[in-house]
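**Q** This is the structure I have questions about; it appears just below.
The values are calculated or read from the model by the stated rules, or taken from the named source; none is laboratory data. Since the model is a prediction, treat every value here as computed from it, not as a measurement. Here the Cβ positions follow ideal geometry from the backbone for every residue, glycine too, while neighbour counts run over all protein chains shown. Accessible surface is based on the protein model in full, side chains and every heavy atom, while ligands, DNA and RNA are left aside. Shrake-Rupley method; radii C 1.70, N 1.55, O 1.52, S 1.80 Å.
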Amino acid sequence: AAVQIASALSAAHGAGIIHRDIKPENVMLRPDGLVKVLDFGLAKLAPRSQLTVDTEALTLPMVTTDSGVVMGTAAYMSPEQARGLEADARSDIFSFGVALYEMITGRPPFDGQTANDLIASILKTDPPPLADSAPDVPPELERIVSKALRKDRETRYQAIKDLLIDLKDLNRELEFKAQLGHLPQPVAPDQANAARSSEPAEQAGTQQPEAVRPHTDDSARKPSRVETVVNKIKGHKLAGIITLLSIVSAALGIGYYLRGRNLEVAIDSIAVLPFANASDDRVADYLSDGITEWLINSLSQLPQLRVPAWTTMFRYKGEDVDPQKVGRELGVRAVLMGRVVARERYLTIQVYLVSVAKGSQLWGEQYNRKIADIQSVQEEIAHGVSGRLRLRLTGELERRLAKRDTQNTEAYDLYLKGRYHSEKRSEEGIKTAIDFFQQAIVKDREFALAYALLADCYILGGNALPVSETEVRVKAKDAASKALFKDDSLAEAHTSLAVVSMLYEWNWSVAEREFKRAIELNPVYPTAHHWYAEYLAAMGRHEEAFGEITRARDLDPFSVIINRDVGMHHYYAGRYDQAIEQAQNTLKLDRDFAQAHRLLGLAYLKKARFTEAIAEFKEVVARSTSGRDRAMLAQAYAFDNQRAEAKRLLRDLLSEGLVSPYYIAVIYAGLGDQQRAFDYLEKAYREGVSSLVYLKVDPRLESLRPNPRFRDLAKLVGLPE
């Protein structure tokens, strides 16, 4: 019946007709079981002027169409109708959602003693979950109803045909399960007709699951959901509701069956494997990676669910993995995996949710959409997973999952490409990512997340970009500020601004405030904890810093840069043996990770293991064209008293003029030339070199700290005494 109602609305909308008064009284059941949608007296063909609400009546069945008159029945009105705004096809979808909710639970989703109370409920109150009244309703049915009842019509079903497709898919699943004999058979038409009599549902021959069968003590029992519906039908209040019994009966059975079969242990953690790109075009990797990362970020917003970060999952990309093995490695209870096929303008996405304990499939779905609809598909998958795991979504969580960073499909496509290249963390990858993010912003000037990631690219690119550090600072600050102006609720934007404030402006109070705000907005954003740890280390607050970097690693345990920086915090705190051990552990994750080799070299220097330190820096130099790495090798020679080698490299670096004065200062410190060391540190200050944030904790500058010039410089940078 729900399918028939949706089909009728789809036909009306296809003809350009909006009903504006969908309610049970306007849905009738013929003797042959055919459902009819009636009373198009309030229907419209074109938008009308804004309406106002008559708050003195609970029911407003006005038939006049003059401007300023409310159209529809208050209990079934959409929020926009209740506000007196223009109704469109999505308003009918909301009203249908209200009726569908009432069909399932036997009670309306919104209530109030007066018209004002009722309208306030529609505008502000989220209806109780279906599971409160019907605990065994399948999560998919809950998702369908919930999406139809979203107050913001931009996040509601955008077309009744999409809702119709979901209902048909659910109906096919129920029928298939019933045919397998696992579940109670749906109510047959003749049984439904019998249920419309005044007799109890059991006397009409309806087979109910044990979990919902009415109690036999007539003197004290509460009426069952089926009886509630039957009683309403007697008063002609819900004449069309009984036709949904076939869906509800099977749905309750399926929910009861699946809950007992698959959710014996609550699933509180899930890993999202990188979706496989099954397309002929490998360029479509950005789509599969983008979908994966979006799902990870969205599902991690659910407080009752632990989700390993994208960088942790990326190491499984392109591998033929056993989901049970992955789940055990990561300590999660379920694994989400999928494959993406992109052909011209269309996508096919197959998704599977697998139990780690049993290896069985908990849920699966296939989505066939246009590439332009990728954000809608991502949202549907996230709701499907949360629904399958029976996770209750508050209104705020619903808004987070429904939030779209851009409505421009071209901009989002360019953003995904930029994100894909930025994750490579290579010089070329950063440059390419910047270009894509800039193109995305041209398409949508309000795209806050694109601005935030553009700022991050400038920060990460640093010396690799063909611009001066001053230009990097200006561009990073501009992008971060615009991101925050566009969306103050974006944790990434607050983090970007915090990093800019710390590295380039030495505005420590603003930096800490922004880091804390980012973590408040998204406590599971590893990058915010990672950079906040850098801030705390620069301040000399080493134990707090170690707590933050450990939290970042807990959230993203296989991130090589976070693992390396756990070692860096040992190094800043003077724990050189632990720094060496952590650098070696990081190299187990990635043998060629240059940052880990640099850390080993630095820690070996402080342990006076000069031969090993020089070997580490030489290995990095052999793979790098960066002057910074040659400067670090020169520092190693200087601290090892190999003065000739150190000075030879120093002359080359000075003649090229491409190395930060901070690194030159460290070489002079190693050579014991404090005068020139301070000259170059002060030059670094004049140029605003970001490395000065580590002035007080960099062990290589230890010999300079007793000098009054050091204290003066630290004061200029704003570092605490």
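**Q** Please report Rg over Rh for the stretch 311-354, where both radii come from the alpha carbon positions and Rh follows the Kirkwood definition.
**A** 1.05
**Q** Of the listed peptides 135-145, 493-503, 620-630, what is their order by residue-averaged count of other C-beta atoms within 10 Å, with the highest listed first?
**A** Packing order, densest peptide first, comes out as 493-503, 135-145, 620-630.
**Q** First select every other residue whose beta carbon is under 9 angstrom from the beta carbon of Glu293; then total the charges, Lys and Arg +1, Asp and Glu -1.
**A** Around Glu293, the surrounding residues sum to -1.
**Q** If you don't mind, another one. Express the C-alpha Rg of the stretch 435-581 as a ratio against the empirical globular expectation 2.2 N^0.38 Å, rounded to two decimals.
**A** Rounded to two decimals, the normalised Rg is 1.06.
**Q** Something else now. Reachable aspartates and glutamates from Lys370, Cα under 18 Å, same-chain residues fewer than 8 places away excluded?
**A** Straight-distance partners of Lys370: Asp162, Asp166, Asp280, Asp281, Asp285, Asp289, Glu344, Glu379, Glu380, Glu410, Asp413.
**Q** Quick one: which residues, 5 or more positions from Leu362 or on another chain, have an amide H under 5 Å from its amide H? H modelled 1.01 Å from N in the peptide plane, none for Pro or chain starts.
**A** Leu353, Val354, Ser355
**Q** A further question on this structure: How large is the convex hull of the Cα atoms of the stretch 550-678 per residue, expressed in Å³ as a whole number?
**A** Convex hull of Cα atoms, per residue: 110 Å³.
**Q** Cross-link list Lys607/Lys647; Lys325/Lys482; Lys358/Lys424; Lys151/Lys486; Lys124/Lys475: which exceed 32 angstrom alpha carbon to alpha carbon?
**A** With Cα atoms farther than 32 Å apart: Lys325/Lys482; Lys358/Lys424; Lys124/Lys475.
**Q** Let me ask you something else. Under a Cβ-Cβ cut-off of 10 Å, what is the net charge of the residues other than Arg143 that fall near it, where Lys and Arg count +1 and Asp and Glu count -1?
**A** -2
**Q** In the full protein assembly as shown, how much of Met103 is accessible to a 1.4 Å probe, in Å² to the nearest 10?
**A** Solvent-accessible area, nearest 10 Å²: 20 Å².
**Q** Moving to a separate point now. When the Karplus curve 6.51 cos²θ - 1.76 cosθ + 1.60 is applied with θ = phi - 60°, which whole-Hz ³J(HN,Hα) does each residue of the stretch 568-585 get, with x for Gly and Pro?
**A** 4, 6, 4, 4, 4, 7, x, 9, 6, 5, 5, 5, 4, 4, 5, 4, 5, 5
**Q** So what are the ³J(HN,Hα) numbers for the stretch 330-344, from phi and the Karplus equation (6.51, -1.76, 1.60; θ = phi - 60°), rounded to whole Hz, Gly and Pro as x?
**A** Values, residue by residue: 8, x, 10, 9, 8, 10, 9, 9, x, 9, 10, 10, 10, 10, 6 Hz.
**Q** Could you run the Karplus curve 6.51 cos²θ - 1.76 cosθ + 1.60 with θ = phi - 60° over the stretch 145-159 and give me ³J(HN,Hα) per residue in whole Hz, x for Gly and Pro?
**A** My calculation for the stretch 145-159 gives 5, 4, 5, 5, 9, 5, 6, 7, 5, 5, 9, 6, 3, 8, 8 Hz in order.
**Q** Using the Cβ atoms and a cut-off under 11 Å, what net charge is assigned to the surroundings of Val335, where Lys and Arg are +1 and Asp and Glu are -1?
**A** Combined, the nearby Lys, Arg, Asp and Glu give +1.
**Q** For Leu347, which sequence-distant residues (separation of 5 or more, or a different chain) have an amide H within less than 5 Å of its own amide H, given hydrogens modelled in the peptide plane?
**A** Arg369, Lys370, Ile371
**Q** Please list the non-local residues whose amide H lies under 5 Å from the amide H of Arg153, H modeled 1.01 Å from N, same-chain partners needing a gap of 5 or more.
**A** The answer is none.
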